[in-house]
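S.K.: My structure is below; once you've seen it, I'll send some questions.
The values are calculated or read from the model by the stated rules, or taken from the named source; none is laboratory data. Just so it is clear, the structure is predicted and the values come from calculations on it, not from any experiment. In this analysis, Cβ positions are derived from the backbone assuming ideal geometry, glycine residues included, and neighbour counts consider all displayed protein chains.
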Amino acid sequence: MEITTVRTEGLGDSTYVLVHDGIAVVVDPQRDIDRFEQVLDGANADLRLVVETHLHNDYVSGGLDLARSSGAELVMPAGAAPVFRHRPAFHHEDLELGVMTIRPIHTPGHTPEHTSYAVVIDGAVVAVFSGGSLLVGSAGRSDLLGEDRSETLARLQYGSVNRLAELPDDAGLYPTHGAGSFCTTSGARSMTSTIGAEKKTNPVLAYGDEEDFVKGQLANLVPYPSYYRHMGPINLQGLAEPDLAVPLLESIPEGVTVVDARPRDRFAAGHLPGALGIELRDSFGTWVGWLTEHNTPLVLILDDDQESDEAIRQLIRIGYDDIRGIARNPAAGDVSYRTVSTEEFAEAAATGAQLLDVRAPNEWETGIVDGSVLSYVPDLAGSTPSGLDSDQPVWVICGSGYRASIAAGILQDRGYQPVVLSDGGATEVLREMSKTDD
């Protein structure tokens, strides 16, 4: 048996390609299915099943397209009930694949229909694909369908993770969600593990009873992207196969949202008025999906050496199909802002500058520069904090400079004067200020 992991770093998710005795199974594929087809071609295996663990909240599934293009059978949890043809997976109704068996295990909690899939070879469970149930060092969060259902789902999750813990200790654990995913309740660690290792180290398996588990599961949950609310309904209906071909533009059309994906220093030096500056990296799609109206018409601005394919893939994975074009090196525009070093930021903070910290709430717990106005980037996008004075420069900080640069574009569009620490964060500023105090 060979299991190939195909990571989607920006989402913190893994898709798995299982091959045994010439037969293949793909688990939880994203929408750009050519990545998985390449793995299958290299393995020279016959794809028989495409299985989904749940109706995904963080991306548009590629399961339907992959099944159709390959002739494989699409398997989904029985409780999902999408509108398209599929094979429903019922608890412990085995799916036979020659010498290999895929055994559905109903594991509700992350979602009501959630189903894990154990791999049985020669009568022994050798692996389990746990989706958003038992994760490495964590468990899938249970609040994505609304606070009113979160406690009920958390109680179901307690039973589910402990049910999976009853599998053999040497069975491999292959969750879909991992490090970097907003679908985890806490900082999930590496991507794969074994049941035995999780029984020894995973805190979600160490609670004494259901009540403690529920309290822990619902405590200190981080905000999750606003685009999530669109993913479940889309995955119930399915979307047409995406088109990765996007034209190059010589001018910016009207009625579009302009996303400037160039490096943050290039955006700071000059950009088009009203452009949203989100540097192209692994989390690019997540931030576009969080800060814009879902599937709004987009034009992307990229440097000549930036790969448009990566930007487009990240967007189509979350259902952004209305990408009108790519603009390469347009006129820089007359909008710019100042960037500063850690030392300059620390000096300004010590002398009473107006500060804005746009990190996530859980990050503020690690330390805040005195006097900072606190507003997480998605909250800032919704409204400007009342404590900010537009007549004074706003010195913006986050954890690395990435989100501070996004915030700078938002502030500028509202008439503020941002000054950004674009290559560092609050930890470095606090350390620098402590040197001065000493």
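S.K.: Under the condition of being buried (at least 19 other Cβ atoms within 10 Å of the Cβ) and among the β-branched types (Val, Ile, Thr), which residue from the range 203-233 is farthest from Leu144 (Cα to Cα)?
M.R.: Among those that are buried (at least 19 other Cβ atoms within 10 Å of the Cβ) and among the β-branched types (Val, Ile, Thr), it is Val204.
S.K.: Same structure again: Could you tell me whether Ala219 is free of Cβ contacts under 8 Å to residues at least 40 places away in the same chain, in the same structural domain as Val26 (by TED's automatic domain parsing) and of a type in the set (A, V, I, L, M, F, W, C)?
M.R.: Considered against the rule, which asks whether it is free of Cβ contacts under 8 Å to residues at least 40 places away in the same chain, in the same structural domain as Val26 (by TED's automatic domain parsing) and of a type in the set (A, V, I, L, M, F, W, C), Ala219 comes out as yes.
S.K.: Still on this structure: How about the range 273-285: which of its residues are touching a helix residue (DSSP H, G or I) at 6+ places or on another chain (Cβ under 6 Å) and either farther than 26 Å from Gly415 by Cβ or assigned to a loop (DSSP other than H, G, I, E, B) (or both)?
M.R.: Gly274, Ile278, Glu279, Leu280, Asp282, Ser283, Phe284, Gly285
S.K.: Let me ask you something else. Would a scan of the range 285-300 turn up a residue that is in contact with a Pro (Cβ under 6 Å, 6 or more places away or on another chain) and hydroxyl-bearing (Ser, Thr, Tyr)?
M.R.: So far as the range 285-300 goes, yes, one or more of its residues are in contact with a Pro (Cβ under 6 Å, 6 or more places away or on another chain) and hydroxyl-bearing (Ser, Thr, Tyr).
The rows are residues; the columns are (1) buried (at least 23 other Cβ atoms within 10 Å of the Cβ); (2) more than 26 Å from Ala261 (Cβ to Cβ); (3) not acidic (Asp, Glu).
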position	(1), (2), (3)
Thr351	no, yes, yes
Val369	no, yes, yes
Asp391	no, yes, no
Ser405	yes, no, yes
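S.K.: Cβ-Cβ distance below 8 Å, separation of 6 or more or different chains: which pairs start in the range 161-173 with a residue that is touching a residue at least 24 places away in the same chain (Cβ under 8 Å) and end on one that is of a type outside the set (S, T, N, Q) and in a loop (DSSP other than H, G, I, E, B)?
M.R.: Matching pairs, first to second residue: Val161/Gly109; Leu173/Val136.
S.K.: Can Leu135 be described as in the same structural domain as Val27 (by TED's automatic domain parsing), closer than 23 Å to Gly12 by Cβ and of a type in the set (A, V, I, L, M)?
M.R.: For Leu135, the condition - in the same structural domain as Val27 (by TED's automatic domain parsing), closer than 23 Å to Gly12 by Cβ and of a type in the set (A, V, I, L, M) - is met.
S.K.: On to the next question. Here are Asp322, Asp260, Asp303, Asp282: which of them is at pLDDT below 95 and either within 26 Å of Ile397 (Cβ to Cβ) or touching a strand residue (DSSP E or B) at 6+ places or on another chain (Cβ under 7 Å) (or both)?
M.R.: Of Asp322, Asp260, Asp303, Asp282, the one residue that is at pLDDT below 95 and either within 26 Å of Ile397 (Cβ to Cβ) or touching a strand residue (DSSP E or B) at 6+ places or on another chain (Cβ under 7 Å) (or both) is Asp303.
S.K.: Given the structure, is Phe129 of a type in the set (Phe, Trp, Tyr) and either crowded, with 23+ Cβ neighbours inside 10 Å or at pLDDT below 95 (or both)?
M.R.: Criteria met by Phe129.
S.K.: Same structure, new question: So Asp148 passes all but one of these: (1) at positive phi; (2) assigned to a helix (DSSP H, G or I). Which condition number does it fail?
M.R.: All conditions are met except number (1).
S.K.: Inspect all residues belonging to the range 42-51 and state whether any of them is more than 17 Å from Leu239 (Cα to Cα), of a type outside the set (Val, Ile, Thr) and free of Cβ contacts under 8 Å to residues at least 24 places away in the same chain.
M.R.: yes
S.K.: Would you pick out the residues in the range 312-331 that are outside any helix (DSSP H, G or I), surrounded by fewer than 23 Cβ atoms within 10 Å (Cβ to Cβ) and in contact (Cβ under 8 Å) with a residue 60 or more places away in the chain?
M.R.: Gly319, Asp321, Arg324, Gly325, Ile326, Ala327, Arg328, Pro330
S.K.: Of the residues Thr111, Thr101, only one is closer than 23 Å to Ser181 by Cα, surrounded by 15 or more Cβ atoms within 10 Å (Cβ to Cβ) and at pLDDT 95 or above; which?
M.R.: It is Thr111.
S.K.: Which one of these does Leu66 not meet: (1) surrounded by fewer than 17 Cβ atoms within 10 Å (Cβ to Cβ); (2) in contact with a Pro (Cβ under 6 Å, 6 or more places away or on another chain); (3) of a type outside the set (Val, Ile, Thr)?
M.R.: It is condition (1) that Leu66 fails.
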